[in-house]
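As structure tokens, the structure follows; a few thoughts come after it.
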Amino acid sequence: MKKHTRVLVFISCFLVLFLTGVVFAETKPAAVIILDASGSMWGKAGNETKIEAARKVLSEIVPALPDSLETGFVAFGHRKEGDCNDIEILVPIGSGNREEIVKKARSLKPKGKTPLALSVELVADTLKARDADTTILMISDGKDTCSTDPCAVVKKLKESGIRFVLHVVGFDVQDDESEQLRCMANAGGGEYYAADDTESLLAAFKEMQKSVEKSLVVVPAETKTVGRKTSLAKVRVAMPESAVKSLAFYKFTGKDGKTIKTVEDPKADMTHSLPSGEYTIVLGYANPNYQEATEVRTKTFKAEGESSVFFGALLFNIAKPLEEAVRNVIIRDSEGEQFSLTNEYHGNGYYLFTPKPLPEGEYNVEFAFSRNEEKPVPFTRALSVEEGKETVLEVASGIVMKKTEEKVEGWDIVPSGEDTPLFEIRRGFDNDEPLWRHFPVPPGKYDIIFHIKGMDQPLVVGEAVEVGKGEIVSFDTGM
């Protein structure tokens, strides 16, 4: 069930609560609705404005309430702009006033401020003579713009002995606004719920009408205990212990892409309770220097009963000198369609070569070098990763150019027999970086071409230079 559906089911449920448990001296239950009619209610929630949505809800809900339920209606922000005292009891608590409440709601023209605390104070003042609790339902689309601490105001009213319960519905509110509204509800002994539109509210209330009507009939309750099993699925996520080092978090997303659960500080083997359904696991690969994690969608699976999702791990065994020129590590699935991860340098290379959790499959690994990040160099292809196992990629072959007396602008490494360079290295405008660093190179034979300042044509300084497995070639041009 969606969050806003649960919320709006509550709006009907709360009626059941005060119908059965809250009784005035006149033995009739009552509820007061406080509606936000501030200027922001002209904003849209779904396909209609929030004030239009509120009118629809009230016109559907209010006439359908049982006759024995007394109701009242209060609004604020509907008459003046910038006036914190623009609060009005439009319909006092009483019976037979349903059509009047709907009519008043339809006539509201949002324009003013949002005096949440003052509106609760006004309603509470009318309840002092009542002997039993009154339920107050406040619907607002924002935080208080007239009181710095509405939560404290509600708390003080409760402590004064006035008997009320305050429930608050946040209608299309931001996180910081919801915190204030939630605090008010807690201080008022009630609940806070978030809502996005009216469709689910109307559907939920119609489902609850029978329960509301039954609750008005006082009969001895009959009950029995029956057993039910949870519909929650148990999902195990496991990977080699080494792979956890690269993870900042992982999360489960639904078919709509929304996050259902985020697992921070993940362990190598964990089990999670989730509603049954289809999910995708998104891995958050850590980056250094407080950079946000890189998120990559991985496995999609169906959670039902007990399910398991396993990952393998890719480990790098890289010769220390060959780390110095690498700025990005790129890992893609061999087909280039399902998985793509780029770990960036971000001021240091701490996470470039830490073990990476990966779904089972075949992967290409590429390195992007300093000042050449836009052209990553393939180092290995179709490297196999299996579930629950570690695959080690050895990066032990490479090349380093001995520094020359000539003014070198750059150099290229071209696989022998081909025309396209494997990669091209160029100096900066103000220094020689990164010409003389060590660079990882797959084993093979290469032609080496230098670009010398003052020479119009590139200079071939080496042909079929072999880089063997586990060898770092130190190439001397003789210049």
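The values are calculated or read from the model by the stated rules, or taken from the named source; none is laboratory data. All of these numbers come straight from a predicted model, not from anything done at the bench. Glycine also receives a Cβ, built like all others from the backbone with ideal geometry; neighbour counts cover every protein chain displayed. For the accessible areas, the whole protein counts, side chains as well, though only heavy atoms, and no ligand, DNA or RNA atoms are used. Shrake-Rupley method; radii C 1.70, N 1.55, O 1.52, S 1.80 Å.
Under 17 Å between alpha carbons, and skipping anything fewer than 8 positions from K389 in its own chain: which lysines qualify?
K245, K267, K299, K356
So the label point goes 7 Å from the Cα of R426 along Cα→C-beta, right? Which residues of region 393-415 then have their backbone N under 13 Å from it?
409-412
Residue by residue through region 427-440, what is 3J(HN,Hα) from phi via Karplus (6.51 cos²θ - 1.76 cosθ + 1.60, θ = phi - 60°)? Round to whole Hz and write x for glycine and proline.
Residue by residue, region 427-440 yields 6, x, 5, 10, 7, 7, 4, x, 3, 9, 7, 7, 10, x Hz.
For R163 paired with D131, estimate the spin-label separation in nm (one decimal), with each label point 7 Å from Cα along the Cα-to-Cβ line.
Output for this residue pair reads 0.8 nm.
Give, in nm to one decimal, the length gained when the segment between K234 and S334 is fully stretched (0.36 nm per residue of separation minus the Cα-Cα distance). All intermediate terms of the calculation are to be shown ahead of the outcome.
On the way: separation 100, 0.36 × 100 = 36.00 nm, distance 3.16 nm.
Gain on stretching K234 to S334: 32.8 nm.
Let me check I've understood the local charge: for Y285, count other residues with C-beta under 13 angstrom from its C-beta, Lys and Arg +1, Asp and Glu -1. What total comes out? Don't skip to the end; give the middle numbers.
On the way: positive: K245, K251, R297, K356; negative: E292, E295, E344.
My count for the surroundings of Y285 gives +1.
Ignoring ligands, DNA and RNA, please state the percent of accessible area on the chain from carbon and sulfur, probe 1.4 Å.
Working: 11120 of 24090 Å².
Its accessible area is 46 percent carbon and sulfur atoms.
Under 1.5 on a/c is rounded, so check that first for region 351-479, then, if it is not, pick prolate when a/b is larger than b/c and oblate when it is not; a ≥ b ≥ c are the square roots of the alpha carbon gyration tensor eigenvalues. Numbers along the way, then the final one.
Working: a/c = 2.43, a/b = 1.97, b/c = 1.23.
Verdict is prolate for region 351-479.
Hey, if you put +1 on the Cβ of every Lys and Arg and -1 on every Asp and Glu Cβ in region 240-391, which of Q338, T271, N287 ends up farthest toward the positive end of that dipole?
In region 240-391, that residue is N287.
Find how much the distance from T280 to E241 grows on full extension, using 0.36 nm per residue of separation minus their present alpha carbon separation; answer in nm with one decimal. Provide the component values of the computation, followed by the final result.
Values: separation 39, 0.36 × 39 = 14.04 nm, distance 2.15 nm.
Length gained, T280 through E241: 11.9 nm.
Take T342 and R381, extend 7 Å from each Cα along the Cα→Cβ direction, and tell me the distance between the two endpoints in nm.
2.1 nm
HN-Hα J couplings of region 298-307 from phi, Karplus 6.51/-1.76/1.60, θ = phi - 60°, integer Hz, Gly and Pro as x?
Each residue's phi maps through the Karplus curve to give 10, 8, 9, 8, 9, 8, 7, x, 10, 10 Hz.
Pull out a ≥ b ≥ c, the square roots of the eigenvalues of the alpha-carbon gyration tensor of the chain, then state rounded if a/c is under 1.5, prolate if not and a/b is larger than b/c, and oblate in the remaining case. Show your work: numbers first, answer last.
Details: a/c = 4.03, a/b = 2.58, b/c = 1.56.
Prolate, since a/c reaches 1.5 and a/b exceeds b/c.
Can you tell me the alpha carbon radius of gyration of region 114-162 divided by the globular rule-of-thumb value 2.2 N^0.38 Å? Show your work: numbers first, answer last.
Working: Rg = 11.1 Å, N = 49, 2.2 N^0.38 = 9.7 Å.
Expressed relative to 2.2 N^0.38 Å, the Cα Rg reads 1.15.
Express in Å², to the nearest 10, the accessible area of K109 obtained by rolling a 1.4 Å probe over the protein heavy atoms while all chains stay in place.
110 Å²
Normalised by the number of residues in the chain, what is the relative contact order in percent for Cα pairs under 8 Å and 6+ residues apart? Write down the numbers at each step before the final one.
Working: 1110 pairs, mean separation 49.0, N = 479.
Here the relative contact order equals 10 percent.
So what does H78 come to for accessible area, using a 1.4 Å probe and Å² rounded to 10?
20 Å²
Using the Cα gyration tensor of region 217-342, with a ≥ b ≥ c the square roots of its eigenvalues, what is the shape: rounded (a/c below 1.5), prolate (a/b larger than b/c) or oblate (neither)? Numbers along the way, then the final one.
Values: a/c = 2.91, a/b = 2.87, b/c = 1.01.
Note, shape of region 217-342 comes out prolate.
So who's got an amide H within less than 5 Å of the one on G398, skipping anything under 5 residues away but keeping other chains? H placed 1.01 Å off N, in plane.
Long-range HN contacts for G398: V441, E471, I472, V473.
First select every other residue whose beta carbon is under 11 angstrom from the beta carbon of T477; then total the charges, Lys and Arg +1, Asp and Glu -1. Before the final figure, lay out each step's value.
Details: positive: K402, K403; negative: E405, E406, D476.
Its environment carries a net charge of -1.
Run the dipole for the chain about the Cα centre, Lys and Arg Cβ at +1, Asp and Glu Cβ at -1, nothing else charged, and hand back the magnitude in debye, nearest 20.
Working: 59 positive and 74 negative charges, 448 e Å.
About 2160 debye.
Based on the Kirkwood radius over alpha-carbon pairs, what is the Stokes-Einstein translational diffusion coefficient of region 107-198 at 10 °C with 1.306 mPa s viscosity, in µm²/s? Each step should come with its number before you reach the end.
Values: Rh = 13.4 Å.
Here the translational diffusion coefficient equals 119 µm²/s.
Pull up the DSSP beta bridges for the chain and report the antiparallel fraction as a percent, rounded to 5. Please report the intermediate quantities before stating the final value.
Working: 74 of 114 bridges.
Roughly 65 percent of the DSSP beta bridges within the chain come out antiparallel.
How much net charge surrounds V326 when only the other residues with a Cβ under 11 Å from the Cβ of V326 are counted, with Lys and Arg +1 and Asp and Glu -1? All intermediate terms of the calculation are to be shown ahead of the outcome.
On the way: positive: R327, R437; negative: E323, E324, E344, E366, E373.
Neighbourhood net charge equals -3.
Between F164 and residues 5 or more places away or on another chain, which pairs have amide H atoms under 5 Å apart, with H built 1.01 Å from N, and which residues are they?
It is T134, by chain and number.
Among N431, V244, P150, whose Cα projects farthest towards the positive end of the dipole of the chain, with charges put on the beta-carbon of Lys, Arg (+1) and Asp, Glu (-1)?
Positive-end residue among those listed: P150.
Please list, in chain and number order, the residues 5+ apart from A233 or on another chain whose amide H is under 5 Å from its amide H, with Hs placed from the backbone.
Amide H to amide H, under 5 Å and 5 or more residues apart or across chains, A233 pairs with L274, S276.
Ignoring everything except DSSP H segments at least 4 long, calculate the 222 nm mean residue ellipticity for the chain; use -39,500 (n - 2.57) per segment, divide by total residues, nearest 500.
Numbers: 7 runs with 95 residues, N = 479.
Helix contribution divided over all residues of the chain: -6500 deg cm²/dmol.
Could you compute how much accessible surface C146 exposes when probed at 1.4 Å, giving the result in Å² to the nearest 10?
40 Å²
Quick one: compute a quarter of the convex hull surface over the Cα atoms of region 41-188 and quote it in nm². It would help to have the intermediate numbers written out before the result.
Values: hull surface 34.4 nm².
For region 41-188, averaging the hull's shadow over all directions gives 8.6 nm².
Residue by residue, what Karplus-based ³J(HN,Hα) values in Hz, rounded to whole numbers, does region 81-90 have, using 6.51, -1.76 and 1.60 with θ = phi - 60° and x for Gly and Pro?
8, x, 10, 6, 8, 7, 10, 9, 7, 6
Could you do me a favour and compute the accessible area per residue for the chain, 1.4 Å probe, result in Å²? Don't skip to the end; give the middle numbers.
Numbers: 24090 Å² over 479 residues.
Spelled out: the 1.4 Å probe surface of the chain, per residue, equals 50 Å².
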